[in-house]
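The values are calculated or read from the model by the stated rules, or taken from the named source; none is laboratory data. Predicted model only: the values in this text are computed from it and were never measured. Using ideal geometry, Cβ is built from the backbone for each residue, glycine included, and neighbour counts are taken over all protein chains shown.
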Amino acid sequence: MSKSSLPNTQFFQNWNIRKPVATGDAGVVSSQHRAAAEVGAEVLRAGGNAIDAAVATSFAISVVEPWMSGMGGGGYMQLGLAAESKFRCFNMGMVAPLGLKVEDYPLDDQGGTSGDLFAWPNVIENRNIVGYHSIAVPGLVAGLSLAWERYGTMPWKDLLQPAIAMAKQGLPITWYMSLRTLGAAKDLSQFLASSEVYLPDGFPPMAEQGKPIGYRPLGHLADTLQRLADAGASDFYTGDVADQIVRDARAGGSALSLEDLESYEATEVTPLEGKFGPGTLHAAPGLTAGPTMLRVIELCEGKTQGEGAPDTDTYSTWAQAFAEAYDERFRTMGDVDDSKDPASTTNFTIADKDGNMVCMTQTLLSVFGSKVVFPGTGILMNNGIMWFDPRPGGPNSLAPGKKPLCNMCPVIVSRDGKPWFAIGASGGRRIMPAVYQVAAMLVERGMSLDDAAHQPRIDVSGEGRCTVDPELDASVFKAIEKHMPVIPGEHAVFPHHFACPNVALRDPDSGKFSGVTHVMTPPSGAVAV
């Protein structure tokens, strides 16, 4: 079975693309947008630690890649402290508003399923997916603030300055920005402030050939960032920014209230841990993909070790382990996501000169989240309500004040108690299989970071089938076909058939740092210090 003989592969791309691995002596930042990685690297050069760099990188990436994440969303952060051999996890996930009324989300009498990330039954007017009713309480700012208060070293105000400068300059108009905007244009057009930023004259902005990159004004986003820099993160939840957020929310019919913001608490918890080859995996606990990844490690133990690129048997074993782990996840955690549409999630990984590491995954959920930009703050808001099952009586059913399931999987792998590498990804339910495979290539197959990042992958994430990169040998297709249906999936810029991982690594022997990002995300990049 050659690539040309696989169904529909005649329409696949015909090139080879690689991302450079960045290597340095004093740290590294890997991000889905290189401009944000540069911000984090500059913080490290200025003497900041991994947490300082994470705060700066997070705010910066929300400006240059707003369709993926930002202040209007939430996330999870893994932290590894080298000197103390200490590992922590910060939960800054979104929560349903306390005033939410389940009856405001009636199921559509015509039946059908939603066309976004999750195949829930259709809700009238897509209220759980698009618009003000889809907005959950954002937690990103609270989580970043908590991590910085406990482990940061540089002034909070200084860490926000790069994002403020970027917001004042505006959103760069690149072809990738145009592509992303085009996919959400229909929904963005429903909201005036969103249209003003992303759809000038009713169309996505386009880069002009032969001219410098242009920039789109981002409304009051720079003012909001400046206010948070001056007044502190608490202003987002109890101050002027909070007041404006609630005014904008209520004007559009959202249940979001001052009580929701004032009562929101990010938390610091102990990560899950499990043996992983010669190291230990530290994963996010609770309703994340962390427990599912640990289960895959258990299922593959003793079966997939080797030297170099995975062989056919290894891919087949991985496929079966993914299928079994996701089946258990669905039965025990209630996650019934069975779609592969893109999620608006981003990930970055950081290592500082002392070997401390951060893996941060943050999200708005869908691409452009709720599609609502709050006019008074310039903040693009999440659609976290879509995480919930609109049907009553289930473990993940919609309810006021409730926390939803998510697929985020930021992890740190340690050796001898010290952080070895941090890895995470964006890509909905495809995140965990991607994170596991790249990590296993490093841990169990002894591959270099460069080779692991560019090795073709598979994806099994609960649909009862396996997506296989057609660059893999025909024997991989045949071996997996014995256990489940197989389809070829191109590793392309758009759409993504596989998740988008990035890595920050410290070589335990040489002490050097290296980082690499997702090959098919055009603006991604790693910056070494």
Open item on the list: Checking Thr181 against (1) free of Cβ contacts under 8 Å to residues at least 24 places away in the same chain; (2) polar (S, T, N, Q); (3) buried (at least 17 other Cβ atoms within 10 Å of the Cβ): exactly one of these is not met. Which one?
Closed with: (1)
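Which of the strands (runs of 3 or more DSSP E) found entirely inside the range 251-316 contain at least 2 residues meeting this: free of Cβ contacts under 8 Å to residues at least 60 places away in the same chain? Let's see the steps before the verdict.
Values: elements: 267-269, 272-276, 279-283.
In the range 251-316, the matching strands (runs of 3 or more DSSP E) lie at 272-276.
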- [ ] Give me the pairs, please: first residue somewhere in the range 487-516 and on the phi > 0 side of the Ramachandran plot, second residue anywhere and surrounded by fewer than 24 Cβ atoms within 10 Å (Cβ to Cβ), beta-carbon distance under 8 Å, and either six or more positions apart or on two chains.
- [x] Gly511/Asp25
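Select, from Gly214, Gly232, Gly210, the only residue that is within 27 Å of the chain's Cα centre (by Cα) and either farther than 26 Å from Leu188 by Cβ or among the β-branched types (Val, Ile, Thr) (or both). Quick ask: steps written out before the conclusion?
Working: Gly214 fails: either farther than 26 Å from Leu188 by Cβ or among the β-branched types (Val, Ile, Thr) (or both); Gly210 fails: within 27 Å of the chain's Cα centre (by Cα).
Answer to the check: Gly232.
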Task: Selected residue (criterion: surrounded by the fewest Cβ atoms within 10 Å (Cβ to Cβ)) from residues of the range 465-490 that are farther than 14 Å from Thr317 by Cβ and charged (D, E, K, R) - done: Lys478
Open item on the list: When you check Lys157 against the structure, is it closer than 18 Å to Gly378 by Cβ, of a type in the set (Lys, Arg), out of contact with any Cys (no Cβ under 7 Å at 6 or more places or on another chain) and surrounded by fewer than 21 Cβ atoms within 10 Å (Cβ to Cβ), yes or no?
Closed with: no
Task: Per-region count, the range 196-237, residues hydrophobic (A, V, I, L, M, F, W, C) and in contact with a strand residue (DSSP E or B) (Cβ under 8 Å, 6 or more places away or on another chain) - done: 5
Open item on the list: I'd like to check something: does the range 311-319 contain any residue that is surrounded by fewer than 19 Cβ atoms within 10 Å (Cβ to Cβ) and either within 30 Å of Leu398 (Cβ to Cβ) or modelled with pLDDT under 95 (or both)?
Closed with: no
Task: Among (1) in contact with a Ser or Thr (Cβ under 6 Å, 6 or more places away or on another chain); (2) crowded, with 24+ Cβ neighbours inside 10 Å; (3) part of a loop (DSSP other than H, G, I, E, B); (4) not aliphatic (A, V, I, L, M), the one test that Ser461 misses - done: (1)
TODO: Return yes or no: is Pro495 at pLDDT below 95 and either closer than 30 Å to Tyr176 by Cα or not in a strand (DSSP E or B) (or both)?
DONE: yes
